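See below for the structure under consideration.
The values are calculated or read from the model by the stated rules, or taken from the named source; none is laboratory data. What you see is a predicted model, and the numbers here were worked out from it, not measured in a lab. Glycine also receives a Cβ, built like all others from the backbone with ideal geometry; neighbour counts cover every protein chain displayed. Remember, those area values only see protein heavy atoms, side chains included, never the ligands or the DNA or RNA. Shrake-Rupley method; radii C 1.70, N 1.55, O 1.52, S 1.80 Å.
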Amino acid sequence: MEKDCEVEVVMMYDKFEKNVEGVFFLKGKDFTNAGTASSELKTILGEIGINQSIIRRAAIAAFEAEMNVIIYTPAGMMHYSVTPEILKVVVEDMGPGIEDIELAMTEGYSTAPDYIREMGFGSGMGLPNIKKNTDEMKITSSPGEGTTLEFVINLKKE
Amino acid sequence: MMINEIKETLQAETLTGMPYTDFDIKGAYSADLMSDVLAFCNSELLLITALTNAQVIRTAEFADIRVIIFVQGKRPDIDAVALSEEKGILLLATRLPMFEVCGRLYGKGLRS
Amino acid sequence: MKLQKIIEGLALEVKTKTHDLTKEVTGGYASDLLSDVIANTKEGNVWVTIQTHINIVAVAALKELSGIILANGKVPDEDTLKKADDEGMPIMITTLPAFEVVGRLYTLGLRC
């Protein structure tokens, strides 16, 4: 088992000549393309050679963040950067902002309208899901000024 | 549980054109809320849902879910089917309601 | 089948205080989509869901359902519980996933 991990890290370094970064633009209410950014990020992480279970966590966290932008805001950006140590994703939006971040983090708390719930979202599990799948998570927001959500996933095994 | 047995049990049909003889389902998870699916479903489980929008296919993509069955006669549009085929996710559809689908599969020994 | 039998059979925890547990359960329905529940449930059905929002009570009351079972460890919001008590709509909870809840109801003989 331990040997496998070593091999994996070596492989990662092999393909990792420099840091990888990029940005996706997200359009609010564009439900047809919702998930495209996270899908591309998933593909990129796969190409770099990152391990499947880490990719899964990253993809789930990115998708939840992406859906929040699509559902609640007119537009936003998802910036990602990968170093041999960490994956960092920063999602900034031009939305209404979050009044009470602690409340928003509560499982089951949601301000989503009914039509969003009927689409399978807005059940108040999105932010807790991001927290669960990442090693660090930070939200900066104030009403009227949009929201910046940042998360980090460690790529090196302890 | 093999796909053919699931199809027979639920009078279901496949919506995607890919082969499925190597799919072996270990359990099942039913939900219409995608965050819940992202949190609790995985590659060994069959996802049972009445939702058919593109985000369901995306959810399956990110949670590594390989098979979805749409209940209650619901059908995704052709774009969703195409996306699903691109991602290698097998789609099934049945006219039975979710309750009946879960009940019958549970009766066949599947668990969550 | 009486609701009380289901509560005992699945070891459900009853969260409401004002309700009638001797109600006859006519069948089961599983869904997290309110529109689906409004369209397809029958009077006396017990509803299995992971939705905890206050609107589930209004929907259940409108359709004269016999009760709501919240699966997968979900707990009702405070206002949901208050409205359920006002309406006399039983809410029960369990840590079992919805699939397992339905499977066990089905095994008890409940159908859609």
With criteria (1) out of contact with any Leu (no Cβ under 7 Å at 6 or more places or on another chain); (2) away from chain B (no Cβ under 14 Å); (3) more than 20 Å from residue C:104 (Cβ to Cβ), residue C:35 comes up short on (2)
Of the numbered conditions (1) in contact with an Asp or Glu (Cβ under 8 Å, 6 or more places away or on another chain); (2) touching a residue at least 60 places away in the same chain (Cβ under 8 Å), residue B:43 fails exactly one; give the number of that condition.
(2)
Across the range A:59-80, what is the number of residues that are open to solvent by 30 Å² or more (accessible area, probe 1.4 Å) and either under 24 Å from residue A:156 (Cβ atoms) or touching a Ser or Thr at 6+ places or on another chain (Cβ under 9 Å) (or both)?
3
I'm trying to understand the selection: among the residues of the range B:41-61, which are farther than 15 Å from residue A:120 by Cα and in contact with a Phe, Trp or Tyr (Cβ under 9 Å, 6 or more places away or on another chain)?
B:42, B:45, B:46, B:61
If you check A:83, A:32, which single one turns out to be at the interface with chain B (Cβ under 9 Å from one of its Cβ atoms) and surrounded by fewer than 18 Cβ atoms within 10 Å (Cβ to Cβ)?
A:32
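Sort out which residues of the range A:132-143 are over 14 Å from the mean Cα position of the chain (by Cα) and either open to solvent by 70 Å² or more (accessible area, probe 1.4 Å) or not small (Gly, Ala, Ser) (or both), and write them in order of number. Break it down stepwise before answering.
Let us first name the residues in the range A:132-143 that are over 14 Å from the mean Cα position of the chain (by Cα), namely A:140-143.
Result: A:140, A:143.
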Enumeration of residues in the range C:47-90 that are in contact with a strand residue (DSSP E or B) (Cβ under 7 Å, 6 or more places away or on another chain), outside any loop (DSSP other than H, G, I, E, B) and either open to solvent by 10 Å² or more (accessible area, probe 1.4 Å) or away from chain A (no Cβ under 12 Å) (or both):
C:47, C:48, C:60, C:67, C:68, C:69, C:81, C:84
Tell me yes or no: at least one residue of the range A:128-140 is without any contact (Cβ under 8 Å) to a residue 24 or more places away in the chain and among the β-branched types (Val, Ile, Thr).
yes
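Considering only residues that are away from chain B (no Cβ under 14 Å) and in contact with a Pro (Cβ under 6 Å, 6 or more places away or on another chain), look in the range A:86-121 and name the one that is surrounded by the most Cβ atoms within 10 Å (Cβ to Cβ).
Across the range A:86-121, the extreme among qualifying residues is A:97.
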Expected single match for open to solvent by 40 Å² or more (accessible area, probe 1.4 Å) and at pLDDT 95 or above among B:44, B:61, B:8, B:100 is B:8
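Here's the yes/no breakdown for (1) modelled with pLDDT of 95 or more; (2) assigned to a strand (DSSP E or B):
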{"site": "A:76", "(1), (2)": "yes, yes"}
{"site": "A:92", "(1), (2)": "yes, yes"}
{"site": "A:95", "(1), (2)": "yes, no"}
{"site": "A:99", "(1), (2)": "no, no"}
{"site": "A:112", "(1), (2)": "no, no"}
{"site": "A:122", "(1), (2)": "no, no"}
{"site": "A:127", "(1), (2)": "yes, no"}
{"site": "A:149", "(1), (2)": "yes, yes"}
Within the range B:29-53, residues among the acidic types (Asp, Glu) and within 11 Å of chain A (Cβ to nearest Cβ) come out as B:32, B:36
Among the residues of the range B:71-112, the number that are of a type outside the set (A, V, I, L, M, F, W, C), over 30 Å from residue A:43 (Cα atoms) and within 8 Å of chain C (Cβ to nearest Cβ) is 8
Hey, does the range B:23-38 have a residue that's assigned to a strand (DSSP E or B), polar (S, T, N, Q) and touching a residue at least 40 places away in the same chain (Cβ under 8 Å)?
yes
